[in-house]
1. Just the number, please: percent antiparallel of the DSSP beta bridges in the chain, rounded to the nearest 5.
2. Give the lysines reachable from Lys380 as a straight Cα distance under 18 Å; neighbours fewer than 8 places away on the same chain don't count.
3. Which order, highest average first, do 206-215, 342-351, 122-131 follow once you tally other Cβ atoms within 10 Å for each residue and take the mean per peptide?
4. Got a sec to turn the phi values of the range 42-52 into Karplus ³J(HN,Hα) couplings, 6.51 cos²θ - 1.76 cosθ + 1.60 with θ = phi - 60°, whole Hz, x for Gly and Pro?
5. For Leu130 and His220, compute 0.36 nm times the residue count separating them, minus their Cα-Cα distance, and round to one decimal in nm.
6. What percent does the relative contact order of the chain come to when contacts are Cα pairs within less than 8 Å and at least six residues apart?
7. What list of ³J(HN,Hα) couplings, whole Hz, do you get for the range 335-342 from phi and the Karplus terms 6.51, -1.76, 1.60, once you set θ to phi - 60° and write x for glycine and proline?
8. What does a probe at Ala302 reach in the range 39-70, counting residues whose amide N is under 15 Å from the point 7 Å along Cα→Cβ?
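All of the numbers you see were taken from the coordinates with simple rules; none came from a lab. Keep in mind that this is a model prediction, so the values were computed, not measured. Here the Cβ is made from the backbone with ideal geometry for all residues, glycine too, and neighbour counts use every protein chain on show.
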Amino acid sequence: MLGRNRNNRTFLGRLPLPERTFVADALRTETVGGVVLLAAAAVALVWANTPLSEAYESVRDFHFGIGALGLNLSVAHWAADGLLSIFFFVAGAELKRELVVGELRRPGTAALPVIAAVSGMAIPALVYGLVSTGLGGTWNGWAVPMATDIAFALGVLAVIDTHLPSALRAFLLTLAVADDLGAIVVIALFYTSTINFAALIGAVLGLWLFFHLHDQRRVHGWYWYLPLALVIWGLMYNSGVHATVAGVAMGLLLRVAKDGERGRRPAEQIAHLVRPVSAGVAVPLFALFAAGVSVTGDTPGAVVSEPEPLGVAVGLAAGKVLGVFGGSYLAVRFTRARLSPDLAWADVLAVAMLAGIGFTVSLLIGELAYPDPADLEQIKAGVLLGSLASALLACVLLRLRNNKYRRLYEEENLDANADGVPDIDQER
């Protein structure tokens, strides 16, 4: 996302007050959720590497559900296909809001972060392929290092207490949302083996009914939409398309125009209500049952010696930096955009390194790309190692620039006359 001045576009400039308020509200919940996510991942790793590891596997592999409906799934499967649909629903709603009324509604403004996001997906996939095939491996996991985990990244920021300016946080949020959408497209196109057309048609009809009730008839009441959402999800799952596609589709169908009766945007209101469930429950529970990798003294060596997990780790730690930073630089180099005078390219580099934290969606795609448990364990280790390396490198740069960030943060939020509007926005 970008701020603008009178004459040209300022890349990563200060955001206007309404956009800054929305970003702050969105990221406040994600930051708390990120800390919970970090804790859940830590619990999973400890649990899977103690004498209680058999209990962990028993809980993770326990099946329950309605077999007649094709929904007798393991706990880990319910978390990956069910709970993450809530996460993607919020991502879809945020993307719809940005495309309609946010900074992304203007093509010239949207071009820069979108270019950075696209290159931030393409380059890690290419790096994975070059590393993996160069060492005799396959292209199977090319999509694993594509995604950015915004909750994990903001959890890292919360832990190190960095006052990142709103524009940089918004840029990171834009990258993550674009990555999530790209990941859903990749999952739908490349990780769907067979299609049950009857179930798929049923899911599409359900989505049409969802849109008709919400947008055309303006029907209110969660008791209408929750049962419908469950039916759509169940049909999408049985269609062979990954069930999380249902979540992002419903998020994109939410109405952004202000409700005439209540004077608020339904997409923002619904995302505000659902986001705590996503960030505080759904994503951490998925991490709890996905991040339980058995770590031994040989694990780092296995990641480095095996082509596929090494490709994942290098794709996240190096490919993301090259893609996001390179895309940002080229966008500024060949358009009228200019980097905000308050920031330096080191700031963009730090955010690009944070984008290499690909925990949640990377683990999800890893499970789809590598159904064999032995291969999956190595891929998970590659995701953890690459994300950890990205987080540590980003922390070093961010801490070095933290005094500068604190000054910018204080300028953005200074309200000397206590009227509720920051002084810098009154001066405008």
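1. Once the DSSP bridges in the chain are tallied, antiparallel ones form about 75 percent.
2. Cross-link targets: Lys320.
3. The most tightly packed comes first, giving 122-131, 342-351, 206-215.
4. For the range 42-52, the Karplus-derived couplings read 5, 4, 4, 5, 5, 4, 7, 10, 10, x, 8 Hz, x marking Gly and Pro.
5. On the way: separation 90, 0.36 × 90 = 32.40 nm, distance 5.11 nm.
Roughly 27.3 nm would be gained on extension.
6. Relative contact order of the chain: 29 percent.
7. Once rounded to whole Hz, the list reads 10, 7, 5, 10, 5, 3, x, 6.
8. What the label zone holds, given the 15 Å backbone N cut-off, is 45, 48-50.
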